[in-house]
Amino acid sequence: MTDLSPRAYRLGLSAVLLLAAAGGLARLAVPPIWLDEASSWHNVSGTWAHLWQRAIQGEDSGGLLYAVLLKPWTALAGTGEAALRLPGVVLWLATIAVLARAVRLAWNRRAAVLSAAAALAHPSLLAAARQARSYTLLLLLAALALLALAEAAAGRRRRGAWLLGAASLAAAATHVMGVFVAVGGACAHLAIEGRGAWRRAAVAAAPALAFALAWTVLIHDRVGRNLQSFWIPGTLVSNILSMAVLLVVPLALACAWILGRDSSPRARAVVAGCAAFALPVAFGPALVSAFASNGTHLVQLRYALALAPLAAAAAGCALATLPWRLAASIAALAVAASFPYSASKQAYAPNARGGQDIRGAAAFLASQSRPGDTALVEPANNWMPLAYYGWRTAPLDGREGGWRRVTGNGEGNAENAEARAEVWLVRFSRRTSAPPGLLERATLAGRFGTVTILRAAPR
């Protein structure tokens, strides 16, 4: 089939990037900062020593690179909702551009534009790009690993090896699951280049594996304690099904289509590389879960998002086997359908994930509670988004879990605070560890979306 001209390629990629920028920037400050984003804010809100302490506590998705990049940005741009989220949109645009270059080298310009459109149309990526979290950085690093493989396959082996090593190390430093991007990149390199490339693959993956091992030893104890109070929405089975439907099945179908339409060595190399890359990324969270304490599972869609660039690349190559007008129409329809999906998933909603009106809840608590009051916030880490919106608390001495002491703008009168202190039960979840006696005397103070606040007067 006739390939796109360089001019048509530039126009097509520019159109995709403009749509991605529009979707990423629209109403960027509207959804409230939720728990994970508030954790990013808290990581960078103090000194560099504070950032380091948070990192070794396993609080930045088990890594530290994203916080290291976010901190100087927030020092310049501030910590408003849009300012915190803007780097994610920029990383998202870079991911699309890098993915397009990788596919152009591996296949052709037509497939590159279609892969960029497939990435934009993926129902999970736009929402991830609009959050102040490390997942979009991991997406970019996965795309850079793909570009490294394409560079090596195009004959620039030294450049590809250096790029794969750098992307792999950065992925391991970004996210606890990033090490599987390094392993996947090495496996893909072997699948494409053959057994003779094992040394180059090992050298590219070695820094990432060494970092992951050292980092795991450093944060192991604290992560173990975190897992005792950590849970992931959804069951193991439901989360595996979500990963399969949104990430694994599209990749598998695209690879099967490529092999059915094209039996060339190029097609076989692309499919083999995608499959070898995908296996460690797909099974990595389940492997980590096998070693987690208390039966905690770590299988979740966002922990395997590095599969999405692979799926987009394969989808672009598969669509490129169709007549251009048909392929372009399919891609356009997929992109058009993706924006309503993102809206339905509350990417542009006035409330946070799950319908949480965190702004309203924080404003109510700040106006009604007093310094010295006691609060039980569940899940415990949700004190952070409330603190972001102005409700200040501190850990309650001698109490674990979500027990906090309201500080406000001052400490109040310490002698009188305990006698008049009220207890606030702030629930972001239906699960609770509140004592039954406290629940019996608590009354509903307010509902803010799916956030429920109860108040218990002093005894």
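The values are calculated or read from the model by the stated rules, or taken from the named source; none is laboratory data. Only a predicted model underlies this, so the values are computations on that prediction, with no experimental measurement involved. When we count neighbours, we look across all protein chains shown, and the Cβ atoms used for this are built from the backbone with ideal geometry, even at glycine. Ligands, DNA and RNA are stripped out before the accessible areas are found, and what is left, the full protein with its side chains, is counted by its heavy atoms. Shrake-Rupley method; radii C 1.70, N 1.55, O 1.52, S 1.80 Å.
Within the chain, what's the longest stretch lacking GluC sites (Glu not before Pro) that sit in DSSP loops with no more than 16 other Cβ atoms inside 10 Å? Numbers along the way, then the final one.
Values: sites that count: GLU400, GLU411.
For GluC sites (Glu not before Pro) (loop position, at most 16 other Cβ atoms within 10 Å), the longest site-free span of the chain is 1-399.
What number comes out for accessible area per residue over the chain if the probe is 1.4 Å? Units Å², please.
Details: 20410 Å² over 459 residues.
Per residue, the chain has an accessible area of 44 Å².
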With label points set 7 Å from each Cα along the Cα-to-Cβ direction at GLN57 and ALA256, the distance between them in nm comes to 4.7
For the chain, the dipole about the Cα centre with charges only on Cβ (Lys and Arg +1, Asp and Glu -1), to the nearest 20 debye, works out at 1200
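Could you calculate the FRET efficiency of LEU326 with VAL237 from 1/(1 + (r/R0)^6), where r is the beta carbon distance between them and R0 is 60 Å, rounded to 0.05?
Numbers: r = 37 Å, r/R0 = 0.62.
The pair LEU326/VAL237 has a calculated efficiency of 0.95.
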Any residue on another chain or 5+ positions along whose placed amide H is under 5 Å from the amide H of PHE448 is listed here as ILE453
Sorted largest first, the Cα spans of the stretch 30-102 on the principal axes come out in Å as 38, 28, 23
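When the chain is fully extended, how far beyond the present Cα-Cα distance does ARG430 get from ALA49, taking 0.36 nm per residue of separation?
Values: separation 381, 0.36 × 381 = 137.16 nm, distance 3.56 nm.
Separation in residues times 0.36 nm, less the Cα-Cα distance, equals 133.6 nm.
How big is the C-alpha Rg of the stretch 5-160 next to the rule-of-thumb value 2.2 N^0.38 Å, as a ratio?
Working: Rg = 17.1 Å, N = 156, 2.2 N^0.38 = 15.0 Å.
Here the answer is 1.14, to two decimals.
Just subtract the alpha-carbon distance of LEU18 and ASP3 from 0.36 nm times their residue separation and send over the number in nm, one decimal.
Working: separation 15, 0.36 × 15 = 5.40 nm, distance 2.26 nm.
Full extension of this stretch gives 3.1 nm more.
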To the nearest 10 degrees, the tilt of helix 179-193 (Cα long axis) against the first principal axis of the alpha carbons of the chain is 10
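With all protein chains present, how much of the accessible area of the chain (probe radius 1.4 Å) comes from carbon and sulfur, to the nearest whole percent? Don't jump to the answer; show the numbers that get you there.
Details: 12860 of 20410 Å².
Taking all protein chains in place, the chain shows 63 percent carbon and sulfur surface.
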Counting as exposed only chymotrypsin sites (Phe, Trp or Tyr not before Pro) in DSSP loop states with no more than 14 other Cβ atoms inside 10 Å, the longest exposed-site-free span of the chain is 1-230
In order over the stretch 379-393: 3J(HN,Hα) from phi, Karplus 6.51/-1.76/1.60, θ = phi - 60°, whole Hz, x for each Gly or Pro, gives x, 4, 6, 6, 5, 5, x, 5, 5, 4, 9, x, 9, 8, 9
Stokes-Einstein, Kirkwood over Cα pairs, the chain, 25 °C, 0.890 mPa s; D in µm²/s equals 105
Rounded to 0.05, the calculated FRET efficiency for the beta carbons of ALA349 and GLU440 at R₀ = 51 Å is 0.90
